[in-house]
Amino acid sequence: MNARQHNLNGTIMRLGGSIALDGQASWAPIKPNLFQPVSCYLLKKPKAHVLIDTGVACHQSNIVPAVTREIKDGNYVIACLTRSEPECAGNLLAIHENVPINELVTATVANPFDDYSSLVAQSVKLTTFPFGAPASFTVGDPPVLEMFLAQFRMLLTVWFFDAETGTLFSSDVFSHTDVLSPEAPPIITSSTLDKTTYESAREHILAKFWWIPKADTAPLGDWVRKVFSARRIETIAPTHGCVLMGRDVVDRHLNLVLDVLEKEGLR
Amino acid sequence: MADGQGHKYERNTFPREIAPNIFWFGNCLKISVTAEIMHIHLNQFLLKGEEKTLLIDTGMPRHWDSLKAQLNIALGGRSLDYLFPTHPEVPHCANIPNILDEYPSCSLIGDVRDYGLYYPETRGRALNVSIGDAVDLGGLKLRFVPAILKDLPSSLWAFEETHRIMFVADGFAFLHAGSQNPMLDEPLHRPGECTLTSTELGSGVNVELGNFIIRAALHWSRFVDPDRLLKEMDELIDEHKPSIIASAHGNIIVDVDHVLPMIRDMHHKAYADAGIPGRKPAASRQSA
Ligand SMILES: [Fe+2]
Ligand SMILES: [Fe+2]
Ligand SMILES: [Zn+2]
Ligand SMILES: [Zn+2]
């Protein structure tokens, strides 16, 4: 069936499936015969297993058994959501029914629209981005990940960074790639064909961030540049689109995103 | 007003009948921000046509029992034929499974992308519409129009042509009081104000607060040129001339001409005060 489970670099596993770009997803353009991976990630840390997002519900039969198989040692389980949207939280409760989640990390639960009352009732520790906090925040004790608020976003979004592997979890940004078949590996490396062009990246980015052509995008480009200059980013792991692995691939896609922001925004 | 079962729709309870056969349902979220309990509107609307019935938005799963009770009162024994979630964000769509379970012949209608991914059980029960399409409910007709003030790309607004009501989802959150907590990205009002229309509320619109909340809830408003956006909004309002604007997150606006300029001000301020260095005021950008 679909591209399911990929080991990224020993400690990070990519889980999920792919969807046809036939108009079923509002975040992507219609591209006949092309597909897009939709992903969540499992990080195995010495003292905790960390999930970044949980996949879409239609991939539940891929994701839940894989997570259950991987997390069987009773380690502390942290689920981090980049956004509180069904795209990211789609299998949260199904996973929790099989593998109890110990801690849920989100941008905020002070926003009462995020409905985790059933998790709260089961005494899951809730960690939210602290109100009035500095630009970034550390998840886990001992620390496992950096969490920071995304400025280039639609709804409230946090990005996570794993310093150990240099992996950035960028949610719906850097999600501008697609693949030729549902079985295609959801990963672009320096040795795989990267068919992404300015035009294809532009189409994906504008499908989601509909306001860019009406926007002063310079501050967003500045913010993205700062994210990358402050961290050694070797891999970008978005919630949809391919994983981008290796410094040259990361640089190429960073430049594509910056180019689209600069050329498609207002001048 | 009263229905055939003797129910009275009063101004201080939900459901409130805001025009003949059009009902305002509410489940405010109650939160304590500072010492004060604040409310966030989370509205749904039922259109009860002579032939078909349609619900706009779903609220949160935690409110399902309350929504079901309000539906039972307003439907008066009829079934629900259509559910129109304005966009696939939790407060607007998360009760889809509960509603489709409760009403086995109900179909989703609207821009129905994403729901097949999020709620696979809805596949085969969803009717996709295009902007300009209308659904005739018998005596009521709902036309789908572009969402101007929105977050997710598949958001839709809709206009009921008989009573001239514009349903605007995340737009026009009509504000009276609120919190300054930037982590709360939804608009607030005070207890007791839940079911009031804009002219029944005692206090005026708080433009400062409105500006703040627009920046928080519609984050892109810090970057988008308000003149371009408001021009699209003016064109839509001019075309349809609504007598009521019904927002998912605010009190019902019945004095549209009075409130529109305030909403415009809020969007101008949200952009101008976004704290972005070197930005020219919006007005001079337009003429440049
Ligand atoms: Fe929304
Ligand atoms: Fe909303
Ligand atoms: Zn209220
Ligand atoms: Zn203006």
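For the protein assembly as shown, give me the percentage of DSSP beta bridges that are antiparallel, rounded to the nearest 5 percent.
So the antiparallel bridges amount to about 70 percent of the total.
Determine the distance separating the Cα centre of the stretch B:56-103 from the Cα centre of the stretch A:151-224; give it in Å without decimals.
The two parts, judged by their Cα centres, are 34 Å apart.
Project the alpha carbons of the protein assembly as shown onto their principal axes and report the range along each, largest first, in whole Å.
Reported extents, whole Å, longest axis first: 68, 56, 51.
List the extent of the Cα atoms of the stretch A:5-264 along each of their three principal axes, largest first, rounded to whole Å.
48, 42, 33
Nearest 20 debye, what's the magnitude of the dipole of the protein assembly as shown about its Cα centre given +1 on Lys and Arg Cβ and -1 on Asp and Glu Cβ? Numbers along the way, then the final one.
Details: 50 positive and 65 negative charges, 184 e Å.
Dipole size: approximately 880 debye.
In degrees between 0 and 90, to the nearest 10, how far off the longest principal axis of chain A does helix A:247-264 point, with axes built from Cα atoms?
60 degrees
Could you tell me which residue out of A:Q151, A:A57, A:L168 lies farthest along the dipole of the stretch A:5-264 toward its positive end? Charges go on the beta carbon: Lys and Arg +1, Asp and Glu -1, centred on the Cα centre.
A:L168
Of the listed peptides B:235-242, B:162-169, what is their order by residue-averaged count of other C-beta atoms within 10 Å, with the highest listed first?
Numbers: B:235-242: 13.9, B:162-169: 22.4.
For the peptides B:235-242, B:162-169, the packing ranking is B:162-169, B:235-242.
With θ taken as phi - 60° and the coefficients 6.51, -1.76 and 1.60, list the Karplus ³J(HN,Hα) couplings across the stretch B:17-22 in order, rounded to whole Hz; mark glycine and proline as x.
7, 8, 7, x, 6, 10
Would you mind getting me the FRET efficiency between B:N12 and B:E51? Use the beta-carbon distance for r and R0 = 51 Å, nearest 0.05.
Values: r = 31 Å, r/R0 = 0.61.
It comes out at approximately 0.95.
Give me a single rounded figure for B:218-229: the average over its residues of other chain Cβ atoms within 10 Å of their Cβ. Working shown, then result.
Numbers: counts 3, 9, 10, 2, 5, 14, 10, 6, 1, 1, 5, 3.
Shielding by partners across B:218-229 averages 6.
What is the local net charge at A:L258, summed over the other residues whose Cβ is closer than 14 Å to its Cβ (Lys, Arg +1; Asp, Glu -1)? Could you put the intermediate results ahead of the total?
Working: positive: A:R202, A:R225, A:K226, A:R252, A:K263; negative: A:D222, A:D251, A:D259, A:E262, A:E264.
Result for the local shell: 0.
Report relative contact order for chain A in percent, whole number only (criteria: Cα-Cα under 8 Å, sequence separation at least 6).
Values: 533 pairs, mean separation 49.0, N = 267.
Worked out over chain A, it gives 18 percent.
Indicate, rounded to the nearest 5 percent, the antiparallel portion of the DSSP beta bridges found entirely in chain A. Before the final figure, lay out the partial values.
Values: 32 of 49 bridges.
Antiparallel bridges: around 65 percent, rounded to the nearest 5.
Let me know the charge dipole size of the stretch A:199-267 about its Cα centre in debye, to the nearest 20, where only the beta-carbon of Lys, Arg (+1) and Asp, Glu (-1) is charged.
With only Lys, Arg, Asp and Glu charged at Cβ, the dipole is about 180 debye.
Round to the nearest 10 and give me the degree value, 0 to 90, for the angle of helix A:218-229's Cα axis relative to the longest principal axis of chain A.
Orientation of helix A:218-229: about 60 degrees from the principal axis.
Dipole of chain A, Cα-centred, from +1 at each Lys and Arg C-beta and -1 at each Asp and Glu C-beta, to the nearest 20 debye? Could you put the intermediate results ahead of the total?
On the way: 23 positive and 28 negative charges, 54 e Å.
Roughly 260 debye for chain A.
Starting from the Cα-Cα distance between B:S105 and B:S243, subtract it from 0.36 nm times their residue separation and give me the gain in nm to one decimal. It would help to have the intermediate numbers written out before the result.
Numbers: separation 138, 0.36 × 138 = 49.68 nm, distance 3.21 nm.
Working it through step by step, the gained length comes to 46.5 nm.
Of A:A28, A:F137, B:I131, whose Cα points farthest to the positive end of the dipole of the protein assembly as shown (charges on the beta-carbon: +1 Lys, Arg; -1 Asp, Glu; origin at the Cα centre)?
Going by the charge dipole, the pick is A:F137.
Rounded to the nearest 500 deg cm²/dmol, what is the calculated helix-only ellipticity per residue at 222 nm for the protein assembly as shown, with -39500 (n - 2.57) per DSSP H run of length n ≥ 4? Walk me through the numbers on the way to the answer.
Details: 15 runs with 144 residues, N = 555.
Per the formula, -7500 deg cm²/dmol.
For B:R164, what is the net charge nearby, where nearby means another residue's Cβ is under 15 Å from its Cβ and Lys, Arg count +1, Asp, Glu -1? Working shown, then result.
Details: positive: B:K141, B:R143, B:K241; negative: B:E160, B:E161, B:D238, B:E239, B:D255, B:D257.
Cβ neighbours under 15 Å give a net charge of -3.
Each value in this text was obtained by applying a stated rule to the coordinates, not by laboratory testing. On a predicted model such as this, the values are computed, not experimentally measured, just so you know. With ideal geometry, Cβ positions are generated from the backbone for all residues, glycine too; neighbour counts draw on all protein chains shown.
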